[in-house]
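Just below is one structure, and these are the notes that go with it.
Computed from the coordinates by the stated procedures, all read-outs in this text should not be read as laboratory data. Treat the numbers as computed from the prediction; the structure is a model and nothing was measured. A quick note on method: Cβ atoms are made from the backbone with ideal geometry, for glycine too, and the neighbour counts reach across all protein chains shown.
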Amino acid sequence: MDIVLIKLIIAHLIGDFFLQPTSWVKSKETKKLKSDKLYWHVLVHVILIFVVFLNFNVWKIALSIGLIHLVIDALKVTFQTRKNARLLFFTDQFFHFSSIIIIWHLYQNSFINISFINEINTWIFVSGMLFLTMPTSIIMKVIIAKWLPESDEDSPKSLENAGKYIGILERSLIFLFILTNHFDAVGFLLAAKSIFRFGDLKEAHDLKLTEYVLIGTLLSFGIAIVVAMLIQILMAK
C-alpha cells in the first residue's frame, strides 16, 4: 500500500479517535453547526496532515480532506438523533475513509491493487467465513434446540441475541487462528470462555444448563475447526 495513503489514514485515526475529546462530541451533538468544536475538529485534521508529512507541499490534499471532512461531519450532526446515532457513526466513518482514498487517488494518481478479488482463494475464504456466521448459528440451533433448558428461554439476565453473536465471533476467531497457523490461540480462546462461564454455571447449580452450554461450546468450536481445516486444504490446492 502507498505510504501517502497510510499517512492520511493515520492522520484521520488520530484526529477522530485520539484528539477529539468527549466534550467536543457532545458540543457538536447539542449545538450542531453552531458548535465551534466542529470547526476546531476539522482544523485539527488539516494540521495533522501537515504533521504526518512534515511538508507543506501537501496543502491541496490537506485542504481538500478538511473541506470534505467538514461537509460529512456537518451532515452527520444535522441529521443525527438518538435512534440513528450508531448507524450514522459507521456511515460517517465510511464516507471519511472513502473520501481519503478518492483524494489520494486524484492527487497521487495511484490505485489500490484489488486483483485478489478475482482469486479463487479469496472466494474460498469468504465462503468459509460466511458459513460460520448465521448458517452455523441456525444449524446449531436446530441441533441443540431439544436440549434447551426451560429456565434459559427468554432469560431477562441475558442480552438479546448475545449468545448468537458470541458464537459468531468465537467461530470467526477460530477460523482466522487456524488459517494463520495459530492453533495455540484456539486453546486460549476456549480457556478464556470457560473461565467466564464457570462463575455463571457454578451459581446456577443446574446440571442440564451446564451440559447444554458444554454441548453448544464444543459444537461451535468443532464446526469452526473442521470448516477452517477444510478451507485450508482447499486454499492449498
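Of the residues 3, 77, 20, the one whose Cα sits farthest toward the positive end of the charge dipole of region 3-108, with +1 on the Cβ of Lys and Arg and -1 on the Cβ of Asp and Glu, is 77. The long axis of helix 183-204 is offset from the longest Cα principal axis of the chain by roughly 70 degrees. Taking the longest Cα principal axis of the chain as reference, the axis of helix 85-108 is set at about 50 degrees.
When percent of Cα pairs over 33 Å apart is computed from the coordinates, the matching label among [x] 32; [y] 53; [z] 46 is [z].
In the chain, the calculated helix contribution to ellipticity at 222 nm averages -25000 deg cm²/dmol per residue, counting -39,500 (n - 2.57) for every DSSP H run with n ≥ 4. Using only Cα atoms and rounding to the nearest 10 degrees, what angle (0 to 90) does helix 120-131 make with the longest principal axis of the chain? Roughly 60 degrees, rounded to the nearest 10.
Among the listed pairs 7/237; 32/83; 141/193; 164/237; 7/164; 28/83, give every one whose C-alpha distance is greater than 28 Å. In this structure, 7/237; 164/237; 7/164 exceed 28 Å between Cα atoms.
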